[in-house]
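Chemist: I'd like to ask you about the structure that follows.
Read-outs throughout are calculated quantities, based only on the coordinates presented, and are distinct from any laboratory measurement. All values reported here derive from a predicted model rather than from experimental measurement. No Cβ is skipped: glycine too gets one built from the backbone with ideal geometry, and neighbour counts run over all protein chains shown.
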Amino acid sequence: MLSKRLIACLDVRDGKLAKSVKFVDTKDIGDPVEKAREYYEDGLDELVFYDITASSDKRRIMLDFVEAVAAEVFIPLSVGGGVRTVADATDLRLAGAEKINVNSAAVQRPELISECAHAIGAQNVVLSMDILRVAVSDATPSGYEIVINGGRKRMGVDALAWAKRGEALGAGELVVNSIDADGTRQGYELTLTRMISDAVRIPVIASGGAGRPEHLQQVLTEGHADAALVASMVHFGDYTCSGLKRYLHEQGVKMRMRW
Amino acid sequence: MGRTLIVDYDAGNLRSVQRACHEVGLEAVISADPAALARSDRIIFPGVGQAASAMATLHRSGLALALQHAIAAGTPILGICLGLQISLTHSEEGDTPCLGLIDGRVRRFALDDPRLKVPHMGWNEVRVLRPHPVLAGIEPGDEFYFVHGYYPDPATTDAVLAVSDYEREFCCALGVGNYVGVQFHTEKSGRVGLDLIARFGRWDGRFEAGATG
């Protein structure tokens, strides 16, 4: 059977590793290529890079960066942040990313998902969703709303409906990122993750809120997630990838334990 | 080790395969030239994408014929993912006639458990059933990275080298003579995947079909 995946997310700004808290403050915390290599050697299953470089004229830095990581890390690489066109996606693929994450631009222009799926294969298109808990309303019957631009702009789009639409448009995988939980270290949004995972037939990656190993265990079991995404937990040295995987394995979660 | 060629037929991220080759000291060039296949000491036939368009490109470019010649000449060939699938007779994906190096069909996963997702994406254990020089060294518990909605279903078990499980057992590595194919992305499977590529780089293309372990 498939193992559950441990995925580390590295926010990259101007080629440096940054970590945001509640999507607001970001600080640089080191060389992301070095971190990527370290995690890879320590049993990480997949890497995600998010380009949070503000200016678009620095795209080249990100492409060079992806290329540098791809030359030494031999697990799937997923890259997102600022992907607006098929050309953005194919450039990143050529640089060495397997999977391309689309987010804000897909909310504004949903056809981007099908265009990317056609160009690089549906299995390589990841729809990343930033989601805010809101009051249940006609526009947001699930009680969750899609936000964009790093969590700043509410879109009036229901998160559950958007997840299903994303699947129908050809997304191969979903990232469910809870804005409420992000950076809190209080645990993933289990209700949200399970609701979306049960509603689609593509893999779901849980994101936002991991602080302790049991949070991963919860989201991979009760939350019905296929993969758990971590950032702070491993970036600041509180936990290691291998340590998290060993814990999950001991808790009976199927993980890849040989690398 | 000689000259390794990665066949370019517009089917996915060939540079990932090239980078993995370089990591294990295997110099590999990417080429779409049918004549270059005949001059190669070994060939990697990768692929991500859709069977029908891949076969159309292979026929149009002359690469399909060049591959048949390379098979006949005894050149070691490694198929990866779609590169494995199109070595069979037929693929359900787009109802596509394929190269027919191995008798059998490629089928879509039809799973009973609604919670199981297609494509089969992620890390899964590979169990070797029949010893093969390219798979030697894969140990129980070793997992490889898979991304596929279709799987190979050879007509006989003679060519099945390894299996994996997704609700039920499916073939994930096939070998006949100088051809070996793997369904998983060995180039993205960490150390165990790189080791497989390194062994392919040392393989002379000989394999006694029917030898069982």
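Chemist: Using the Cβ atoms and a cut-off under 13 Å, what net charge is assigned to the surroundings of B:ALA162, where Lys and Arg are +1 and Asp and Glu are -1?
Modeler: -4
Chemist: Enumerate the calculated ³J(HN,Hα) couplings along the stretch A:132-147 in order (Karplus 6.51 cos²θ - 1.76 cosθ + 1.60, θ = phi - 60°), each rounded to whole Hz, writing x wherever the residue is Gly or Pro.
Modeler: 10, 6, 9, 5, 5, 8, 4, 6, 10, x, 7, x, 9, 10, 7, 10
Chemist: Need one number: the % of Cα-Cα pairs in the stretch A:115-177 sitting beyond the 15 Å mark.
Modeler: Within the stretch A:115-177, distances greater than 15 Å cover 50 percent of Cα pairs.
Chemist: Farthest toward the dipole's positive end in the protein assembly as shown, which of A:LEU112, A:ALA18, B:GLY137, given Cβ charges of +1 (Lys, Arg) and -1 (Asp, Glu) about the Cα centre?
Modeler: With unit charges placed on the Cβ atoms, the residue in question is A:ALA18.
Chemist: In whole Å, what are the Cα extents of the protein assembly as shown along the three principal axes, biggest one first?
Modeler: Over the protein assembly as shown, Cα extents along the principal axes are 66, 46, 42 Å.
Chemist: With helices defined as uninterrupted DSSP H runs, which ones in chain A have an alpha carbon span along their own long axis of at least 30 Å and mean Kyte-Doolittle hydropathy of at least -1.0?
Modeler: Membrane-span-like by this rule: not one helix.
Chemist: Follow-up question, since we're still on this one. Please average, across the residues of A:72-78, the number of beta carbons from any other chain that are within 10 Å of each residue's own beta carbon, and give a whole number.
Modeler: Partner-chain Cβ atoms within 10 Å, mean over residues of A:72-78: 6.
Chemist: R0 = 45 Å: FRET efficiency of A:SER137 with B:ARG60, Cβ-based, nearest 0.05?
Modeler: Plugging the Cβ-Cβ distance into 1/(1 + (r/R0)^6) gives 0.25.
Chemist: Averaged over its residues, how many other protein chain Cβ atoms are within 10 Å of peptide A:38-51's Cβ atoms?
Modeler: Taking the mean over all residues of the peptide, I get 1.
Chemist: For the stretch A:5-250, what is the percent of antiparallel DSSP beta bridges, rounded to the nearest 5?
Modeler: Here the antiparallel bridges make up roughly 35 percent for the stretch A:5-250.
Chemist: Turning to a different aspect of this structure: Ratio of alpha-carbon Rg to the 2.2 N^0.38 Å globular estimate for the stretch B:4-202, to two decimals, please.
Modeler: Relative to the rule-of-thumb radius for its length, the stretch B:4-202 sits at 0.94.
Chemist: Taking amide hydrogens as modeled 1.01 Å from N in the peptide plane, which residues meet the under 5 Å criterion relative to B:GLY79, leaving out close sequence neighbours?
Modeler: For B:GLY79, whose amide H was placed from the backbone, the distant partners under 5 Å are B:PHE45, B:VAL180, B:GLY181, B:VAL182.
Chemist: According to a simple spin-label model (label point 7 Å from Cα along Cα-to-Cβ), what is the distance in nm between A:ARG246 and B:ASP113?
Modeler: Here the modelled spin labels are 2.8 nm apart.
Chemist: Do the sum for chain A: with -39,500 (n - 2.57) for every DSSP H run of n ≥ 4, divided by all residues, what is the mean residue ellipticity at 222 nm, to the nearest 500 deg cm²/dmol?
Modeler: That comes out to -10000 deg cm²/dmol.
Chemist: If the viscosity is 1.567 mPa s and the temperature 4 °C, what translational diffusion coefficient in µm²/s does Stokes-Einstein give for the stretch A:66-106 when Rh comes from Kirkwood over Cα pairs?
Modeler: Here the translational diffusion coefficient equals 126 µm²/s.
Chemist: Assigning unit charges at the beta carbon (Lys, Arg +1; Asp, Glu -1) and nothing else, what dipole magnitude in debye, to the nearest 20, does the protein assembly as shown show about its Cα centre?
Modeler: The dipole magnitude comes to about 280 debye.
Chemist: On average, how many beta carbons from a partner chain sit within 10 Å of the beta carbon of a residue in B:110-123?
Modeler: 5
Chemist: Normalised by the number of residues in the stretch B:97-213, what is the relative contact order in percent for Cα pairs under 8 Å and 6+ residues apart?
Modeler: 28
Chemist: Can you compute the helix-only [θ] at 222 nm over chain B? Use -39500 (n - 2.57) per DSSP H run of at least 4 residues, normalise by all residues, nearest 500 deg cm²/dmol.
Modeler: It lands at -7000 deg cm²/dmol.
Chemist: In debye, nearest 20: dipole of the stretch A:5-250 around its Cα centre with unit charges on the Cβ of K, R (+) and D, E (-)?
Modeler: In total the dipole reaches around 460 debye.
Chemist: Once you've got the GNM for chain A with C-alpha springs shorter than 10 Å, pick whichever of A:LYS58, A:LYS16, A:LYS99 has the biggest mean-square fluctuation.
Modeler: A:LYS58
Chemist: Of A:TYR247, A:GLY223, A:LEU47, which is farthest on the positive side of the dipole of the stretch A:5-250, counting Cα position, with +1 on Lys and Arg Cβ, -1 on Asp and Glu Cβ, and the Cα centre as origin?
Modeler: Value computed over the given set: A:GLY223.
Chemist: Could you give me the ³J(HN,Hα) list for the stretch B:160-174, computed from phi with Karplus coefficients 6.51, -1.76, 1.60 and θ = phi - 60°, whole Hz, x at Gly and Pro?
Modeler: 6, 9, 8, 10, 9, 10, 9, 6, 9, 5, 9, 6, 10, 8, 10
Chemist: Collect residues whose amide H, placed 1.01 Å from N in the peptide plane, falls under 5 Å from the amide H of A:VAL175; neighbours closer than 5 in sequence don't count.
Modeler: Placed amide hydrogens put A:LEU127, A:SER128, A:MET129, A:ILE205 under 5 Å from A:VAL175.
Chemist: Then there is this: Dipole size in debye (nearest 20) for chain B around its Cα centre, Lys and Arg Cβ +1, Asp and Glu Cβ -1?
Modeler: Roughly 400 debye for chain B.
Chemist: Find the relative contact order for the stretch B:4-202 and round it to a whole percent, using C-alpha pairs within less than 8 Å whose residues are 6+ positions apart.
Modeler: For the stretch B:4-202, the relative contact order is 21 percent.
Chemist: Among A:SER78, A:GLY30, B:LEU84, which residue has its Cα furthest toward the positive end of the charge dipole of the protein assembly as shown, with +1 on Lys/Arg Cβ and -1 on Asp/Glu Cβ?
Modeler: Going by the Cα projections, it comes out as A:GLY30.
Chemist: If you don't mind, there's one more thing I want to ask. Would you mind computing, in nm to one decimal, how far apart the modelled labels at A:ARG60 and B:GLU92 are, each placed 7 Å from Cα along Cα→Cβ?
Modeler: 4.9
Chemist: For chain B, what are the DSSP H helices with axial Cα length of 24 Å or more and mean Kyte-Doolittle hydropathy of at least 0.0?
Modeler: Span-like helices, by this rule, are absent here.
Chemist: What are the ³J(HN,Hα) couplings of the stretch A:205-210, residue after residue, when phi is run through the Karplus curve with 6.51, -1.76, 1.60 and θ = phi - 60°? Round to Hz, x for glycine and proline.
Modeler: 9, 7, 9, x, x, 5
Chemist: Here's something else I'd like to know. Taking the simple approach of a point 7 Å from Cα along Cα-to-Cβ for both A:ASP14 and A:GLN108, what is their distance in nm?
Modeler: Placing both labels 7 Å along Cα→Cβ, they lie 2.4 nm apart.
Chemist: Further question: Please work out how much length the chain gains when fully extended from A:ARG212 to A:ARG154, using 0.36 nm per residue of separation minus the C-alpha to C-alpha distance, in nm with one decimal.
Modeler: Fully extending the segment from A:ARG212 to A:ARG154 adds 18.0 nm.
Chemist: Considering only lysines 8 or more places apart in sequence, or on different chains, count the pairs in the protein assembly as shown whose C-alpha atoms sit under 14 Å apart.
Modeler: Lysine pair count for the protein assembly as shown: 11.
Chemist: Treating each Cα of chain A as an identical point scatterer and ignoring solvent, apply the Debye formula and state log10 I(q)/I(0) at q = 0.07, 0.09, 0.12, 0.13 Å⁻¹.
Modeler: Normalising to I(0) and taking log10 leaves -0.20, -0.34, -0.64, -0.76.
Chemist: To continue, here is another question. Evaluate E = 1/(1 + (r/R0)^6) for A:GLU41 and B:ASP10, where r is the Cβ-Cβ distance and R0 equals 35 Å; express this FRET efficiency to the nearest 0.05.
Modeler: Here the calculated transfer efficiency is 0.55.
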